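Peer 1: Below is the structure I would like to discuss, written out as structure tokens.
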Amino acid sequence: MSSEVKLKAESRTTFGKGAARRIRRDDKVPAVLYGHGTDPVHITLPGHDLMLALKTANALLSIELEGNSQLALPKQVQRDPVKGFIEHADLILVRRGEKVTVDVAIVLNGDPAPETLVTLDHQTVQIEAEATHIPESIEVAIEGLQVGTQILAKDLTLPPGSTLVLDEEALVVNFTAAPTAEEVEAELAEAEAEVGIEHDLSDEELEAQAVEADAAADDDTDSGSGGDREAGEGSSEE
């Protein structure tokens, strides 16, 4: 379970793109705090501290604003598509003891049986948990599991106090036979051919083509000489 991360907020009274740029230049992030039927509260948060806090999924934030402290969860975070810094954050208010619905990451532990391909059909699983006891991840042991094994949502071991929201029959982890190297190469070649990708030939392939060309040329020369001899023999008989 992740602990609370305290962040000192400031009220925000200026809006628009220009105001947001000025806020970010000061290493702060514009954010909105809402929920529980209250009017949205526009705030700014320290950029570096917020970035560190949000490295943990479903981070529980303790927002300190004007002498009051409120718990919140990240609802939506906008990041710069190139540099990755946080541009804006929407935070939803929660209370201690309140149940919330969140997506929690699946973590696989161990190695399956040899020549087994593991497919994670659900990277995250939706559960309901108490706001101050949200698990960081759900671990799934796959050590030695064989081809044909399937782990469904109902097979997961959830932390105490958490309940499954995802359909319990949903396939989470699937175990199939790993493809051979030849199958992988054939699939890759087929995919490349479909999109028109061509590769330069290697030195070995060029040499092989040259040998084939020389052999073909020798065959043509031999057949041509035979034809000349037959023509010559025929003319002498006349």
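Peer 1: From the C-alpha coordinates alone, can you work out the Kirkwood hydrodynamic radius of the chain, in Å?
Peer 2: 24.0 Å
Peer 1: Search the structure for amide H atoms under 5 Å from the amide H of Lys28, placed 1.01 Å from N in the peptide plane, and list their residues when 5 or more places away or on another chain.
Peer 2: Gly47
Peer 1: Note the full-extension length gain between Lys6 and Gln209 as 0.36 nm times their separation in residues minus their Cα-Cα distance, in nm to one decimal.
Peer 2: 66.2 nm
Peer 1: Counting C-alpha atoms alone, how compact is the stretch 58-190: give Rg to one decimal and Dmax as a whole number, in angstrom.
Peer 2: Cα-based Rg and Dmax for the stretch 58-190 come out at 19.7, 66 Å.
Peer 1: Tell me which residues come under 5 Å, amide H to amide H, from Arg79 once H is placed; ignore anything under 5 positions away on its chain.
Peer 2: Placed amide hydrogens put Glu87 under 5 Å from Arg79.
Peer 1: Could you state the angle between the C-alpha long axis of helix 181-194 and the longest principal axis of the C-alpha atoms of the chain, as a value from 0 to 90 degrees rounded to the nearest 10?
Peer 2: Helix 181-194 sits roughly 90 degrees off the main axis of the chain.
Peer 1: Report P(r) for the stretch 101-178: all Cα-Cα distances, bin width 10 Å, range 0 to the bin holding the largest distance, values in whole percent.
Peer 2: In whole percents, the pair-distance histogram is 19, 50, 24, 6, 0.
Peer 1: Another question, then. What does DSSP give for the chain in terms of the percent of beta bridges that are antiparallel, rounded to the nearest 5?
Peer 2: Once the DSSP bridges in the chain are tallied, antiparallel ones form about 75 percent.
Peer 1: To continue, here is another question. In the chain, how many lysine pairs have Cα atoms under 16 Å apart, counting only pairs 8 or more places apart or on different chains?
Peer 2: 8
Peer 1: Once you have the Cα-Cα distance between Val147 and Glu98, take 0.36 nm times their residue separation minus that, and quote the gain in nm to one decimal.
Peer 2: Gain on extension, Val147 to Glu98, equals 13.5 nm.
Each value in this text was obtained by applying a stated rule to the coordinates, not by laboratory testing. All of these numbers come straight from a predicted model, not from anything done at the bench.
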